[in-house]
Amino acid sequence: MPNVKVGRLIAAVIILVGAVLLIAAVFMPWYAEQASYNVSGQSITVTRNAYLGMPSSNGTLQYACTGLPSGVSCGTQTSYNSADSNNTGNIAEAVYFMGIAGFVLGFIGAILGLMSRGNSRRIIPAVALAIVGMILAIAAVGVFAVALPGAISSDTPGHTGSGPWSSFFGSTNGSTFGIPISGSVTWGPAVGWYLAIGAFVLLLIGVVFLLRYRRDPPAPVPAAAPAPGSMPMAAPPPPP
């Protein structure tokens, strides 16, 4: 088992990696909808990736298309407001700030954890900050999963059948983004959502390690000096 200083270093590094993973998750897509269908024998795929951010920020919704006929534009990116998805944008904004706050707290906790190698009094603040960052990370994941279908439902009035308005992930045939088509549609969380879960796990492991090594090692007990006058007497010489 590593000594206390090495253990605290390992814990702080794990917390730092978790915080970095969380900020990376914030800038990755969190949700994806993909439609695949055939039109006049042509296979077409349309993918919409949803990012976190302000509802008015251009690029929070990004599109990728394959197989479109010549002269037909896919549209590369837009904002939630421009796509009439204000409710979905509000969820993306709230989770965005939760992720940013979780990163900041986790990062500061990691720095205090590094400084705690020589001062155990910094461990409790480091643990507290890392715990709050960890809670924000998993809360962001949970809020996004629970609130998103309802937000999409409010943004797509008149929708029919199953879709991202009815469940957080799934698949169906016959509609995409509320428009009836002949094909298949899948929807669900994207890489950013999974990275946030990974960040939560790393922060949790780092906190456990830091708590494990929170106590300083016991100071060595000094050897007791012999009391004055207690020195053993030399044995008398043998008789001649």
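The values are calculated or read from the model by the stated rules, or taken from the named source; none is laboratory data. Quantities reported herein were computed from a predicted structural model and do not represent experimental measurements. Here Cβ is always computed from backbone atoms with ideal geometry, including for glycine, and neighbour counts include all displayed protein chains.
Restricting the search to the stretch 15-32, which residues are in a strand (DSSP E or B) and either crowded, with 24+ Cβ neighbours inside 10 Å or in contact with a His (Cβ under 9 Å, 6 or more places away or on another chain) (or both)? Walk me through it before giving the result.
Going through the stretch 15-32, the residues in a strand (DSSP E or B) turn out to be 31-32.
Across the stretch 15-32, the qualifying residue is only TYR31.
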Exercise. Considering (1) at pLDDT below 90; (2) of a type outside the set (A, V, I, L, M); (3) part of a helix (DSSP H, G or I), say which one GLY161 fails and leave the rest.
Key: (3)
Quiz item: In the stretch 190-229, how many residues are at pLDDT 60 or above and either under 20 Å from ARG8 (Cβ atoms) or in a helix (DSSP H, G or I) (or both)?
Solution: 25
Quiz item: What do you reckon, is ALA35 in contact with a Ser or Thr (Cβ under 7 Å, 6 or more places away or on another chain), surrounded by 20 or more Cβ atoms within 10 Å (Cβ to Cβ) and modelled with pLDDT of 95 or more?
Solution: no
Quiz prompt | Residue ID - nearest to ALA83 (Cα to Cα), chosen from residues in the stretch 116-157 that are charged (D, E, K, R) and assigned to a helix (DSSP H, G or I) | solution = ASP155
Practice problem: Residue by residue through the stretch 154-175, note down the ones that are surrounded by fewer than 17 Cβ atoms within 10 Å (Cβ to Cβ) and either within 28 Å of the chain's Cα centre (by Cα) or within 20 Å of GLY192 (Cα to Cα) (or both). | Solution: SER154, SER166, SER167, PHE169, GLY170, SER171
Quiz item: Would the stretch 61-68 turn up any residue that is closer than 24 Å to ASN173 by Cβ, of a type in the set (Phe, Trp, Tyr) and either touching a residue at least 12 places away in the same chain (Cβ under 8 Å) or not in a loop (DSSP other than H, G, I, E, B) (or both)?
Solution: yes
Self-check item: Among residues of the stretch 111-153, those that are closer than 17 Å to ILE15 by Cα, buried (at least 16 other Cβ atoms within 10 Å of the Cβ), small (Gly, Ala, Ser) and under 20 Å from the mean Cα position of the chain (by Cα), counted
Solution: 5
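Restricting attention to the stretch 69-88, does a residue exist that is within 20 Å of GLY192 (Cβ to Cβ), within 21 Å of the chain's Cα centre (by Cα) and crowded, with 20+ Cβ neighbours inside 10 Å? Don't jump to the end; show me each part of the working.
First pass over the stretch 69-88, keeping only residues within 20 Å of GLY192 (Cβ to Cβ): 76-80, 83, 85, 87-88.
Next cut, within 21 Å of the chain's Cα centre (by Cα) only: 88.
Then drop every residue that is not crowded, with 20+ Cβ neighbours inside 10 Å, which leaves 88.
Yes.
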